[in-house]
Every structure is written in structure tokens, then in C-alpha cells.
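Here the structure is laid out as C-alpha cells; the discussion comes afterwards.
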Amino acid sequence: MAGHLRKSGFALAPHPDDADIILVNTCAFIESAREEAVAEILRACSLKESGRCKAVIVSGCFAQRYGDALKGQFPGVDAFLGIDAIDRIADVARSLQSAGARRVVRIPRGSPRKVFSPPEPALRFTGGAFAYLKIAEGCVHRCSYCAIPAIRGAFRSRRMADLLDEARALVDTGVRELNVIAQDPMLYGVDLDPVRGRRCGIVDLLGALDALEGDFRIRVLYSYPSEITDAFLEWMRTSPRAIRYVDVPIQHTVPSILKAMARGGAVAATLAAADRIRAAVPGVTLRTTVMTGFPGETEGDFKRLLADIRRMRFDHLGAFAFSPEEGTVAAELDRQVPRGTAERRRQEVMRVQRSIWRSRAKAMVGEVLPALVVAPGVARLESQAPDVDGVTLLVTQADGPQPAVGETVKVRIEAVKGYDFEGRPVK
Ligand code: SF4
């Protein structure tokens, strides 16, 4: 959307206080995301009343999910844009600039169906050294707790040629780490027309990205356990561009719960995921996500989950307490777990994970590892994915040379600070 706006002659304001039009792009898949969306919309509306702002536009999943119902709830909002309408953003912004413009609602009926390629020149909000490359929209899976397929529609891959163009443009503008994302990147291409008699898949795409010119690495995030193929792991083991890092959300380890989550087909793959990936890709970093308090989860189930987390020893782990989402199967299941119990279990998971992390992190002190500088004084190791993991704070002399953003430096890990490291650049 920012790319479309800029291409149409709009300038991007550095802060909402400086903007004539405020665009609030929203998330809506769990309650905390909706609360954040509502707070930001209200903040934008109050700036419209008191500040320079003349119009507020709300886009993204919150607008898509609740559509017309939001009109009455937020009278200060001038336009609502559904997911399939994001390429109309510049038209909408322009119409709101004209005097007497009426309220605009562009939420196409039915599930989103489109895929978008951002307009060039490449634009990113991640600070220069890294970028996300979104290879598909929507989701093929139907996890019983998840509202995402209903909000964002069926899985649809972007064309490989478009992705290569976008990747090339990002690398040409200095990006050194491409983070390949989708709800499940492993299924890239399943919906595309067969190419030369066979469907192209994630490994074909990664091979084509590998072949691009330039100095950059590739990180693939969010891989559904049973869709990770040997060929993908082989790519990760052998490609010089591959960052050896797998984010494999397991959600739970008790078969009856995984079945109730509609992830029953992935039980064996879920339980074997950590061992299998480590055996195939030596030195790999593993991240996962688990959910506590899913309906029917007993204290015994939870103890089993904790024991498996201790056994699997993921490098990074995030835990969520179950949130009953309207319109999902899980919200209607019997034996809902009280919120307080789900939250207590979540905290217990994080307590266990903290001690796993600490022992892993302490063992890394003294190692010399490559790190990508992503901001002044801040770098990320291969084992640190953007936004979700910690960072490595660079220890340098104040009057000495400072590594530049986008540079890859070797750092000696000197200390662990919470979930971050401190590291000193070495020759
Ligand atoms: S894989 Fe499951 S949890 Fe993830 S987006 Fe798809 S339906 Fe939701």
C-alpha cells in the first residue's frame, strides 16, 4: 500500500502526527490483535479531531473480518479497505482529499482471492539490511482454532517470475537477508499451473532465488511440520545462501489435542520434527510455537507437553494461550479451559523455555559467529530471526569504527542479556 501511495505522488509521513491521512493497517486473528487495532484506530481518530490529520483509512484483516459492522462503531473513520482492495489505496486516498468526499467502503464480497506484487521501486520498512518476501496469500490448512483462512481466503501462490523480480529489486537496493514468508511456505506452488508437466514447489523457488546475483542469504519462516520435505532440508543443508533456521510451529504434542486442532495428519511429523530436522541439517536453529489451554487439555496433557518441550529443546519458543475465535470450530468445543488456567500454563511453558534458552545461550558465549548488522549497534546472528528472536548488541569503542548497516561482521559473543547477546566485532 505504501508503494502504491508513493507511486501516486503521496509522501510518507515519518509519524502519524505529521500525516494528512492516517492509514491503520490491522490484524484481527486473536483478541489481543483486535484490541491493538481498536486502540490504534481510536488514536488515529483522535488525531483527526485534534491535529493535522484530515482522514483515517482502516485496512487489513480487522476491516475484512468485520466489514460493514465497523461503520457504526467508528464514525471517525473515512474509509474501510478489504484485503482484495489494497491496490485501490491511492484512489481512495485521493478521493478523500477532495472536498465533500463521501465515506468509502471497499470490502469485496466473499473470501479474498487476489495476490499482489508490490509496485517498484522496492520499498521496505525493515531498516535496509533485510526484507520479507511474501510468496503466497491465504492458507491451505484448516486448524480448528484459527480464523486466518476465513479472513484471508484459500492458499494462493504468487508467480515465481514476480517473486524473482521483487527479490532482485530488494537485493539491488541493499537487502542482505530475504525472509521468505507465507502461512505455509512449504506448500508454495501447489495451486499454480503445472510448469513443463510438473508443479513447481518451494525447492524450485529457492533454487531460482539462489541463482540470483548478489550478496544475500535466504531465511524461510513458518513451516507446517508434515509439509517439510527431505528436498527442502537438503536445500537448507547444501545451499550457501540458506540460513540454517527452521520455524516449525508444533502447537501441541498430545495426539488427541492435535487431532482436535485438526492437525491430526501431522501428529507423527510433529513429534519427530525436532530430531528429524537436526539430523538432516547439522547446526540448525529451531523455533516453534505452542498453544496452551486448548479445549479438553487436561493437566496431564499439559504435563506431557511440558515434558516434550524439555525433550525437544527448541532454541526459541513462543507460547500462546488459546483464544476462542468466533466462527471457528474450537470456539464451540465442549470442555473449554478457563482463561486463567490457559494463561498459567502459558507462563509455565515460558518458564521452562527460559531455562532451556539460558543453558543454550550460555554455551554460545565465547563463540565467534557471523552477524548481519541491521541497525546502528545492532546485529542478528543466523540463529536470530527478525522480530521474534533476540538480537546481538554490538560492543564497540565509542570513538572506533562502527560496522555499517547491511555489513556482515564476525562477533565474539561476550554475554547473554535476557534474550539478547552482547558481542564484540573481531577481525
Ligand atoms: S496453518 Fe493452521 S494456524 Fe496456521 S494459518 Fe493455517 S489454519 Fe491458521
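The values are calculated or read from the model by the stated rules, or taken from the named source; none is laboratory data. Keep in mind it's a predicted model, so treat the numbers as computed, not measured. Cβ: placed from backbone, ideal geometry, glycine included. Neighbour counts: every protein chain shown. The protein model used for the area step is the full one, side chains on, heavy atoms only, and it has no ligands, DNA or RNA in it. Shrake-Rupley method; radii C 1.70, N 1.55, O 1.52, S 1.80 Å.
Key figures for this structure:
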item	result
Search result, residues across the range 145-159 that are within 10 Å of the ligand (Cβ to nearest atom) and closer than 26 Å to LEU205 by Cα	ILE148, PRO149, ARG152, PHE155
Residue ID - most open to solvent (accessible area, probe 1.4 Å), chosen from residues in the range 243-267 that are over 18 Å from ASP184 (Cα atoms) and touching a residue at least 40 places away in the same chain (Cβ under 8 Å)	SER256
Filter result for the condition that a residue is closer than 21 Å to ALA266 by Cβ and assigned to a loop (DSSP other than H, G, I, E, B), over VAL190, VAL175	VAL190
Single unsatisfied condition, SER223 versus (1) open to solvent by 10 Å² or more (accessible area, probe 1.4 Å); (2) of a type outside the set (A, V, I, L, M, F, W, C); (3) in a loop (DSSP other than H, G, I, E, B)	(1)
Residues satisfying the stated conditions in the range 131-141, i.e. open to solvent by 20 Å² or more (accessible area, probe 1.4 Å) and not aliphatic (A, V, I, L, M)	TYR132, LYS134, GLU137, HIS141
The lone exception for THR238 - which of (1) within 13 Å of the ligand (Cβ to nearest atom); (2) within 26 Å of PRO282 (Cα to Cα) it fails	(1)
Subset of the range 95-138 (residues that are modelled with pLDDT under 90, over 30 Å from ALA404 (Cβ atoms) and charged (D, E, K, R))	ARG102, ARG103, ARG106, ARG109
Residues of the range 1-49 that turn out to be closer than 24 Å to SER117 by Cα, hydroxyl-bearing (Ser, Thr, Tyr) and open to solvent by 40 Å² or more (accessible area, probe 1.4 Å), as a count	1
Check on ARG142, in a loop (DSSP other than H, G, I, E, B), among the basic types (Lys, Arg) and within 11 Å of the ligand (Cβ to nearest atom)	yes
Residue pairs meeting the criteria (Cβ under 9 Å; at least 6 apart or on separate chains; first in contact (Cβ under 8 Å) with a residue 60 or more places away in the chain, in the range 135-152; second assigned to a strand (DSSP E or B))	ILE135/SER157; ILE135/VAL180; ILE135/ILE181; CYS143/GLN251; TYR145/GLN251; TYR145/MET291; ARG152/GLU137
Selected residue (only one of ALA154, ALA161 is in a loop (DSSP other than H, G, I, E, B), under 21 Å from SER117 (Cα atoms) and of a type outside the set (D, E, K, R))	ALA154
So ARG313, is it of a type in the set (Lys, Arg) and closer than 30 Å to GLU234 by Cα	yes
Residue match in the range 389-406 (condition: in the same structural domain as ILE257 (by TED's automatic domain parsing), more than 24 Å from the chain's Cα centre (by Cα) and not in a strand (DSSP E or B))	no
Of the criteria (1) in contact with a Lys or Arg (Cβ under 9 Å, 6 or more places away or on another chain); (2) buried (at least 16 other Cβ atoms within 10 Å of the Cβ); (3) more than 20 Å from LYS134 (Cβ to Cβ), which one SER239 fails	(1)
Every residue from the range 307-340 that is out of contact with any Ser or Thr (no Cβ under 7 Å at 6 or more places or on another chain), open to solvent by 10 Å² or more (accessible area, probe 1.4 Å) and assigned to a helix (DSSP H, G or I)	ALA307, ARG310, ARG311, ALA331, GLU332, ARG339, GLY340
Residue ranges of strands (runs of 3 or more DSSP E) in the range 1-109 with at least 3 members under 30 Å from ALA321 (Cα atoms)	21-26, 55-60
